[in-house]
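The values are calculated or read from the model by the stated rules, or taken from the named source; none is laboratory data. This is a predicted model, so every value here is computed, not measured. Note: ideal-geometry Cβ built from the backbone for every residue, glycine included; neighbour counts use all protein chains shown. Areas reflect the complete protein model, heavy atoms only, side chains present, ligands, DNA and RNA absent. Shrake-Rupley method; radii C 1.70, N 1.55, O 1.52, S 1.80 Å.
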Amino acid sequence: MTARDEILAGVRRSLGVTGHEEPRRQAVADRLARPERGVVPARGQKTGAEAIATFRKYAGAVQTSVTIVSGPEQVPAETARWLSANNLPARLRMGADARLAAMPWDATTLDVSHGPSAGTDLNGVSHAFAGVTETGSLILLSGPDNPTTINFLPDNHIVVLDSADLVPALEDVWARLRAETRSDPLPRTVNMVTGPSRSGDIDRTIFLGAHGPRALHVIVIDPDMAV
Amino acid sequence: MTAAITSPAFRENAHQALEDKQLQAVLGTMRTGFSVKRAEAAAALPEFEALRDSARDIKNHTLAHLDLYLEQYEAKVTASGGHVHYARDAAEARRIVADICRDLGAKTVTKGKSMISEEIGLNDHLEREGFTPVETDLGEYIIQLRHETPSHIIAPAFHLSAAQVEQDFRRVHTQLPPERDLSEPVSLLNEARQMLRQHFLAADVGITGANFLIAETGTSVIVTNEGNGDLTQTLPKAHIVLASLEKLVPTLDDCAQMLRVLARSATGQDSSVYTTFSTGPRRAGDADGPGAYHVVLLDNGRTGMLGTSFQEMLRCIRCGACMNHCPVYQAVGGHAYGWTYPGPMGSVLTPSLIGVEKGGHLPNASTFCGRCESVCPVRIPLPKLMRHWREKEFERHLTPATTRSGLALWGFFARRPWLYRQATRLGAATLALAARGRGKFAALPFASGWTQGRDFPAPEGRTFQAMWAAEAGKRRRAGGKPGAKEQNP
Ligand code: SF4
């Protein structure tokens, strides 16, 4: 007997089942076909300006800085401003995201290079798939557009979030991914990022910048410039 | 570093821990650290208690249908280009991992935090097989340098001071200038970041644990604050996931429920910094990510827990809340428990996994104050399960006569009244109720079940009486409501 068969047989023996019971199979099939949303906290259930303000509140609570601009054409200037305000070099790494590519980076003095990060980049920029109001989190998908290495290797991570992509909860992210053809299978990596990297392993004190980015800056594009 | 099992020597281990002044100072910070943060996070979310019910129900449902969810999960992993390997025991799991590393011609193996890796003693095995395993979680890295084992499941180096870490870094990072300033703790963090970067970039294989496995999509989930798990699994040629069978949940939505209680119970965070969902290897056209994805599914005694009263223990999501709130853990630390899993969860799990002969002492390391159960996010009745083990141990006549009479552990605490106070103060309300004004404990908090037919005088009677008087006074003021609040005697 293979390990697989032995373990499955062991599970069934312990549970006192054969694996062929129709009600059990039906219960599992139903659960998978119609995922239950369960308890979704009210605190993320906001829309419009309130949603952005709530996102900003929870992002700020975990040391993510947030700026709001009125259109994609303002993202490069805001990026340059943030880098300069933090005394960082005017260099930037990004993937092949078409929304980022369409922005007027040439109008700034930023030195932009493309592709995944090999570990030498100080600053990286990504476009988020979604933002989660409940926790001030960003959802980033792997792929050529926004390589996963840019989320983790640069010291400073800038993430662009379209306010239309702000959803109340993680459950809404799943609903959107399931609705899109690329949801099966999921992208290799779905990152939910809530603040810059940190560790409490030295002296039982929290310090930022353990292995991932030391700083996380979010630029929200909100045509209503609500805040 | 692989744990040699020292669980049978819990009492000796505990004695040593109590003499260790540095350890005692560190453990003293626990009450104001994790516990307070958890309480604040729980209080800030009105839905928290409902989420705990939801988390419990999800795990119960999954365990009741575990065979079917395993089949579904495996099919999804395979469909996304990954491989699932089943391992009956620790030796088989170690062999599978080493074989994968050998097939890839690997030299360096980076590792994210994984309790399963500790459970199966993976690092020693990889070293014996000629590979270089490098722990990348900062706490795990530090204890690997010291050839120690974790003392806490989410804060492995919890027992160490910054000065100790500085000594280790100076001893091991000899390529750095000896005159460098490491007096600030943050400089230690930066040095570890710099050293581990090189390992991340050089590694051939990355091994992580999994907080959850999702049957719906064949996805593994890791939760970290440092980002080390992500660098571990993204940069090398292959990503190996080590997980035990009970990590499964049915759907992505179910996982979202679990995540809400995990971070809050563990560290008091609303969400950990990095929650990462990994499905298969990198796709055609992807700019980065591992070329191969393997999941090693470990049984190691867990199927034997299904269908018994210990099935409930398989709901555990390894948040560490039970040990953070445990007066015994707070008194003796994690190493005294003598194997991978410390605290109340370890006291129940260890005898299940390594046998009652070796782990049977651990369920005695309880005051039965009930704090662990009251904070467990999946509502595992830990005190009840510890009692079950004690009954089993008794039935099998594995217990020395002194322990059977309750005297051994009682004596252990009775000789240390301060420890007794500490161990019972969180459960003071229970204690006051147990004594019922008789000045004696009919049911000792350490020994309920042992004390039937025998009353012990209360230790340090004056202190007890003072506490009792205060409790009684409070009861009178509160209109007969006994001991509703925690009390520091
Ligand atoms: S037993 Fe409960 S409280 Fe303890 S680690 Fe497991 S889930 Fe957390």
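Can you give me the angle between helix A:22-33 and the longest principal axis of chain A, using Cα atoms only, in degrees from 0 to 90, rounded to the nearest 10?
Compared with the principal axis, the helix lies near 10 degrees.
Measure nothing fancy, just the Cα-based angle from helix A:75-85's long axis to the longest principal axis of chain A, in degrees from 0 to 90, nearest 10.
Orientation of helix A:75-85: about 70 degrees from the principal axis.
To the nearest 0.05, what FRET efficiency results for B:Ala44 and B:Glu357 with a Förster distance of 45 Å applied to their C-beta separation? Numbers along the way, then the final one.
Values: r = 45 Å, r/R0 = 1.00.
Plugging the Cβ-Cβ distance into 1/(1 + (r/R0)^6) gives 0.50.
Taking the Cα-to-Cβ direction at B:Ala284 and at A:Ala49 and moving 7 Å from each Cα, how far apart do the two end points lie in nm?
So the label points at B:Ala284 and A:Ala49 sit 5.0 nm apart.
Pick out, from B:Leu160, B:Thr251, B:Ile142, the residue whose Cα sits farthest towards the positive end of the charge dipole of segment B:50-300, with +1 on the Cβ of Lys and Arg and -1 on the Cβ of Asp and Glu.
Of the candidates, B:Ile142 comes out farthest on the positive side.
Would you mind computing, in nm to one decimal, how far apart the modelled labels at B:Arg170 and B:Asp99 are, each placed 7 Å from Cα along Cα→Cβ?
Roughly 4.7 nm, to one decimal.
How compact is segment A:141-227 by the rule of thumb for globular proteins, expressed as Cα Rg over 2.2 N^0.38 Å?
Working: Rg = 15.4 Å, N = 87, 2.2 N^0.38 = 12.0 Å.
Here the Cα radius of gyration is 1.28 times the empirical estimate.
Name the GluC sites (Glu not before Pro) in segment B:78-180 that are in a loop by DSSP and that have at most 12 other C-beta atoms within 10 Å, would you?
Values: sites: B:Glu92, B:Glu118, B:Glu119, B:Glu127, B:Glu129, B:Glu135, B:Glu140, B:Glu148, B:Glu166, B:Glu179; in loops: B:Glu129, B:Glu148, B:Glu179.
Listed in order of number, the matching sites are B:Glu179.
Suppose the chain between B:Lys392 and B:Ala163 were pulled fully straight at 0.36 nm per residue; how much longer would it get relative to their current alpha carbon spacing?
Contour length minus the Cα-Cα distance gives 78.0 nm.
Name the trypsin sites (Lys or Arg not before Pro) in segment B:155-201 that are in a loop by DSSP and that have at most 13 other C-beta atoms within 10 Å, would you?
Of the trypsin sites (Lys or Arg not before Pro), the ones in loops of segment B:155-201 whose Cβ has at most 13 other Cβ atoms within 10 Å are B:Arg180.
If the only charges are +1 at each Lys and Arg Cβ and -1 at each Asp and Glu Cβ, what is the size of the charge dipole of segment A:46-221 around the Cα centre, to the nearest 20 debye?
Details: 14 positive and 18 negative charges, 54 e Å.
In total the dipole reaches around 260 debye.
What fraction of the DSSP beta bridges in segment B:50-300 is antiparallel, stated in percent and rounded to the nearest 5? Walk me through the numbers on the way to the answer.
Details: 8 of 33 bridges.
If I count the DSSP bridges inside segment B:50-300, around 25 percent turn out antiparallel.
What residues have an amide H closer than 5 Å to that of B:Leu248, excluding those fewer than 5 places away on the same chain, when H is modeled at 1.01 Å from N in the peptide plane?
B:Leu213
Can you flag which of B:Lys59/B:Lys113; B:Lys59/B:Lys237; B:Lys113/B:Lys237; B:Lys358/B:Lys384; B:Lys247/B:Lys358; B:Lys107/B:Lys247 are past 27 Å Cα-Cα? Don't jump to the answer; show the numbers that get you there.
Details: B:Lys59/B:Lys113 23 Å; B:Lys59/B:Lys237 33 Å; B:Lys113/B:Lys237 19 Å; B:Lys358/B:Lys384 20 Å; B:Lys247/B:Lys358 25 Å; B:Lys107/B:Lys247 29 Å.
Table pairs above 27 Å Cα-Cα are B:Lys59/B:Lys237; B:Lys107/B:Lys247.
Can you tell which of B:Thr340, B:Trp389, B:Gly320 lies farthest toward the positive end of the dipole of segment B:320-399, using +1 and -1 charges on the Cβ of basic and acidic side chains (Lys, Arg; Asp, Glu)?
With unit charges placed on the Cβ atoms, the residue in question is B:Gly320.
Could you let me know the centre-to-centre spacing of segment B:114-133 and segment A:40-115, using Cα atoms, in angstrom?
Here the two parts' Cα centres lie 41 Å apart.
Just to confirm the filter: which trypsin sites (Lys or Arg not before Pro) across segment B:58-131 are DSSP coil and have at most 13 other Cβ within 10 angstrom of their Cβ?
Sites meeting the loop and neighbour criteria: B:Lys107.
Using alpha carbon centroids, what distance separates segment A:155-227 and segment B:21-89, in Å?
After rounding, the separation between the Cα centres reads 21 Å.
Taking a virtual spin label 7 Å from the Cα of A:Glu6 along the C-beta vector, which residues in segment B:90-122 bring their backbone nitrogen under 18 Å of it?
B:90-99, B:120
Would you tell me the accessible area of B:Cys326, worked out with a 1.4 angstrom probe on the heavy atoms of the protein chains, in Å² to the nearest 10?
Estimated to the nearest 10 Å², B:Cys326 gives 10 Å².
Give me the aspartates and glutamates in straight-line cross-link reach of A:Lys57: C-alpha distance below 18 Å, same-chain residues under 8 apart excluded.
A:Glu134, A:Asp162, A:Asp165, A:Asp222, B:Glu40, B:Asp270
Would you work out the charge dipole size for segment B:118-272 about its Cα centre, treating the Cβ of every Lys and Arg as +1 and the Cβ of every Asp and Glu as -1, and quote it to the nearest 20 debye?
Working: 11 positive and 23 negative charges, 37 e Å.
Charge dipole of segment B:118-272: 180 debye, to the nearest 20.
With labels modelled as points extended 7 Å from the Cα through the Cβ direction, what inter-label distance (nm, one decimal) is found for B:Ala202 paired with B:Asp124?
2.5 nm
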